[in-house]
Amino acid sequence: MRIDIIGGGPAGMYFAILRKKANPADEITVYERNGPDDTFGWGVVFSGKTLRNLRAADAESHAEITRAFEAWDNVDVVHHDSKISIHGNSFSGIARLQLLKILQRRCEQLGVELRFNTEVPDVDSLRAGCDLLLAADGVNSTARKQFSDQFLPSLDFRPNRYIWYGTNRLFHGLTLTFRENAAGVFAAHSYKFNQTTSTFIVECDEQTWANAGFSALSDADTRVYLEKVFAKDLDGQRLLSNNSKWINFLLVKNEKWHFENVVMIGDALHTAHFSIGSGTKLALEDAIALFECFERKENIAAALQEFEETRKPVIEEYQAAAYESMRWFENARQYMNQSPIELAYTLMTRSGRVNYEDLQKRDPAFIAEYETEVGSRQ
Ligand SMILES: Cc1cc2nc3c(=O)[nH]c(=O)nc-3n(C[C@H](O)[C@H](O)[C@H](O)COP(=O)(O)OP(=O)(O)OC[C@H]3O[C@@H](n4cnc5c(N)ncnc54)[C@H](O)[C@@H]3O)c2cc1C
């Protein structure tokens with residue numbers, strides 16, 4: 001089979017790896033507009049479950065990924081200068097660039113052709129020359145735009161602003177930090193992803209963003225401002241920019257996932273708010289799901305149909321939980337009068353995927369502390 005893939009991100013390369021490994025006679029080409037070392041963002045997060053899926057799908061790249069990553073089991077919530085730790089949550093982080101390099105090497109080893117610095121401007125002419133065209137071209141997907149009458153996308157720009165930084169301050173665990181100043185409320189999502197660096201995403205509502213005057217601040221001045229907001233948390237370390245810009249989260253859904261020989265996966269197809277786990281996890285798991293459909297079905301049309309039918313409910317459930325989590329952060333202001341332990345409890349249960357019983361199993365000491373405080377007020 002001849003397979004063309006637009007996008008050398010995690011989704012496109014991982015599908016190429018799985019398919020080429022199982023079907024060495026396939027001719028697979030990945031078109032990527034950037035160079036092999038260009039990337040945006042810092043670290044990406046995986047849960048223990050995702051890692052098990054990666055191990056089952058491709059033990060070789062899984063071994064390299066797990067050699068390079070940083071693991072932790074705590075979520076820390078910082079509020080009113082107190083830190084509450086909740087244990088029993090298995091996560092790990094790896095630099096996005098390192099992950100891409102691992103996947104690039106694996107593609108090359110298996111004989112997938114990677115064409116870097118190659119923009120695909122016209123998706124229609126590319127699809128005419130291949131059996132399967134995989135649009136793994138990210139959140140601003142060209143394919144989704146060019147075939148919007150087929151995919152019927154819905155694009156929802158959310159009101160909060162967020163900006164993706166790195167820092168050399170190490171956050172040992174997924175740390176959610178809340179700080180207030182005269183402008184409003186700021187939340188930071190941070191975690192270390194190697195021995196020297198953490199991701200540090202700052203999120204705030206529209207009003208806070210406008211009050212702080214960020215539209216008139218340069219990149220350097222924005223960092224100076226936020227370093228002051230999070231001075232107690234950064235412990236003297238700077239915020240590191242990597243083409244970092246304020247963005248509004250874009251919630252992407254598509255009514256149809258495929259037509260004829262074209263299918264989308266990853267961020268092109270759907271997004272889920274970063275507070276619930278990374279888009280990278282969903283991108284890789286999409287690639288696994290699509291690959292498995294091709295293993296089960298005889299022809300392309302049947303495989304793509306099966307992919308849409310079986311994967312869509314999984315993604316819809318995930319997006320529903322991510323939506324609740326996103327809404328929590330959009331309304332963070334209303335929770336700021338809670339005590340640190342109450343805030344930690346509301347945060348842990350915000351998406352509806354974790355409840356009281358789960359927390360009791362994961363970290364009985366946390367629940368005991370919560371009960372002591374909440375019970376003492378009743
Ligand atoms: C600024 C920013 C920073 C981020 N940082 C992080 C982070 O630190 N941690 C994290 O977990 N997630 C991060 N994310 C989210 C994460 O990147 C995605 O959820 C995940 O990478 C999705 O994988 P994907 O393969 O579907 O898409 P992507 O990784 O976006 O890959 C799509 C690829 O397609 C290429 N492409 C697009 N159009 C064309 C075209 N027409 N021709 C050729 N190539 C094309 C792009 O250059 C890109 O490399 C970030 C997102 C953004 C926008």
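The values are calculated or read from the model by the stated rules, or taken from the named source; none is laboratory data. Being a predicted model, the structure only gives us computed values, none of them experimental. For neighbour counting, all protein chains shown are included, and Cβ atoms are generated from backbone atoms with ideal geometry for every residue, glycine included. SASA here: full protein model, heavy atoms, side chains in, ligands and nucleic acids out. Shrake-Rupley method; radii C 1.70, N 1.55, O 1.52, S 1.80 Å.
Within the range 50-79, how many residues turn out to be away from the ligand (no atom under 16 Å from the Cβ) and assigned to a helix (DSSP H, G or I)?
Number satisfying all stated conditions: 10.
Of everything in the range 123-137, what is within 10 Å of the ligand (Cβ to nearest atom) and surrounded by fewer than 24 Cβ atoms within 10 Å (Cβ to Cβ)? Give them in sequence order.
Of the residues in the range 123-137, the ones within 10 Å of the ligand (Cβ to nearest atom) are 123, 126, 135-137.
Result: 123, 126.
Can you give me the number of residues within the range 325-357 that are surrounded by 12 or more Cβ atoms within 10 Å (Cβ to Cβ), at pLDDT 95 or above and of a type in the set (D, E, K, R)?
Of the residues in that region, 4 qualify.
Would you check which residues across the range 69-103 are touching a Lys or Arg at 6+ places or on another chain (Cβ under 8 Å) and among the charged types (D, E, K, R) and list them?
Residues satisfying the conditions are 70, 76, 81.
Tell me which residues, restricted to the range 251-268, are near the ligand (Cβ under 10 Å from one of its atoms) and either open to solvent by 20 Å² or more (accessible area, probe 1.4 Å) or without any contact (Cβ under 8 Å) to a residue 12 or more places away in the chain (or both).
Answer for the range 251-268, where residues must be near the ligand (Cβ under 10 Å from one of its atoms) and either open to solvent by 20 Å² or more (accessible area, probe 1.4 Å) or without any contact (Cβ under 8 Å) to a residue 12 or more places away in the chain (or both): just 267.
Return the residues of the range 54-94 that are under 30 Å from residue 106 (Cβ atoms) and open to solvent by less than 10 Å² (accessible area, probe 1.4 Å); say none if nothing qualifies.
Passing the criteria: 54, 58, 61, 65, 89, 92, 93, 94.
Within the range 187-199, track down each residue that is surrounded by 22 or more Cβ atoms within 10 Å (Cβ to Cβ) and without any contact (Cβ under 8 Å) to a residue 60 or more places away in the chain.
188, 190
Considering each residue of the range 152-172, count those that are assigned to a loop (DSSP other than H, G, I, E, B) and surrounded by fewer than 22 Cβ atoms within 10 Å (Cβ to Cβ), and give that number. Working first, answer last.
Start the filter on the range 152-172 by keeping residues that are assigned to a loop (DSSP other than H, G, I, E, B), which leaves 152, 168-172.
If we keep only those that are surrounded by fewer than 22 Cβ atoms within 10 Å (Cβ to Cβ) too, we end up with 152, 168-170, 172.
Result for the range 152-172: 5.
Residue pairs, Cβ under 7 Å, 6 or more apart or interchain, first in the range 108-125 and without any contact (Cβ under 8 Å) to a residue 40 or more places away in the chain, second of a type in the set (A, V, I, L, M). List them.
108/114
Scan 144, 105 and give me the residue that is outside any strand (DSSP E or B), crowded, with 18+ Cβ neighbours inside 10 Å and among the charged types (D, E, K, R). Before the answer, list the steps.
Numbers: 105 fails: crowded, with 18+ Cβ neighbours inside 10 Å.
Answer to the selection: 144.
I need the full set of residues from the range 108-122 which are farther than 19 Å from residue 264 by Cβ, open to solvent by 70 Å² or more (accessible area, probe 1.4 Å) and not in a strand (DSSP E or B), in order please.
108, 109, 117
Residue check: is residue 17 β-branched (Val, Ile, Thr), buried (at least 17 other Cβ atoms within 10 Å of the Cβ) and away from the ligand (no atom under 16 Å from the Cβ)? Break it down stepwise before answering.
Values: β-branched (Val, Ile, Thr): yes; buried (at least 17 other Cβ atoms within 10 Å of the Cβ): yes; away from the ligand (no atom under 16 Å from the Cβ): no.
No, not satisfied.
Which of the residues that make up the range 26-39 are near the ligand (Cβ under 6 Å from one of its atoms) and either without any contact (Cβ under 8 Å) to a residue 24 or more places away in the chain or touching a strand residue (DSSP E or B) at 6+ places or on another chain (Cβ under 8 Å) (or both)? Quick ask: steps written out before the conclusion?
Taking the range 26-39 and keeping what is near the ligand (Cβ under 6 Å from one of its atoms), we get 31-34.
Listed by number, the residues that qualify are 31, 32.
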